[in-house]
Amino acid sequence: MIKIIDTINIDPILNSFLKLDKDIVWTDYPQGKQVGLQYKLTEDLWSSAVGKSQGQELEYTELNPFFKDTIFETIINQYNLKRTRLMWINPKSCYSLHKDETPRIHIPLITNPECYFLFNPGLLRYLSINSVWWVNTKLKHTFLNCSNEPRLHLVGVVEN
């Protein structure tokens, strides 16, 4: 349901993110904010991949040109990701309990031990940094940020 598939040094990812952040066009949600690193042709390159899935997740393959020639493009290619996003979740926030169409890769960038995946019927799991996590989000789950700090993950869809 959830496992580490690789180790990764997040320092270069965070450094790249910090250089780009001021020019990123975020989409705000009550629980946080998101930006698409990939998009679906004919849709908005910043926002088409964010929020609740509209289906056909494997069609979100176009790289947002803003992220061209960055470490984000390298990671997308290395793990063959689709519908890749940067996802902030606010302190003391959670998502609804839901299932996704496909599994996800999560790379925690800014987190702490009070941020958890919760799987029904009750498996609670903290995702540590410097790891690439494969998560079977086809199972009923949610994400909880029980801390006083925001959490940031790089998230991409992978084929079954």
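What to note about this one:
- The figure for Lys19 is an accessible area of roughly 150 square angstrom, using a 1.4 Å probe on the protein chains alone.
- Per-residue ellipticity at 222 nm computed for the chain from its helices equals -3500 deg cm²/dmol, with DSSP H segments shorter than 4 residues left out and the rest contributing -39,500 (n - 2.57).
- Working ranking of peptides 120-126, 74-80 by packing, defined as the average number of other Cβ atoms within 10 Å per residue, highest first, is 74-80, 120-126.
- Computed with a 1.4 Å probe over protein heavy atoms only, the accessible surface of the chain comes to 49 Å² per residue.
- Using a probe radius of 1.4 angstrom, the carbon and sulfur fraction of the accessible surface of the range 10-160 is 52%.
- Short to long, the 5 Å bins of the Cα pair-distance histogram for the range 93-148 hold 4, 20, 28, 29, 15, 2, 0 percent of all pairs.
- Cα-Cα P(r), the range 75-116, percent of pairs per 5 Å interval: 5, 14, 25, 26, 19, 10, 1
- Calculated log₁₀ intensity ratio I(q)/I(0) where the Debye formula runs over C-alpha points of the range 57-160, q = 0.10, 0.21 Å⁻¹: -0.27, -1.16
- Whichever lysines have a C-alpha closer than 19 Å to that of Lys22, once near sequence neighbours (fewer than 8 apart) are set aside: Lys33, Lys68
- Accessible area, probe 1.4 Å, largest first, for residues Cys115, Cys94: Cys94, Cys115
The values are calculated or read from the model by the stated rules, or taken from the named source; none is laboratory data. Values in this document were obtained by computation on a predicted structure and should not be read as measured data. Cβ sites come from the backbone with ideal geometry, for glycine too, and all protein chains shown count toward neighbours. Protein only, heavy atoms only, side chains kept; ligands, DNA and RNA dropped before computing areas. Shrake-Rupley method; radii C 1.70, N 1.55, O 1.52, S 1.80 Å.
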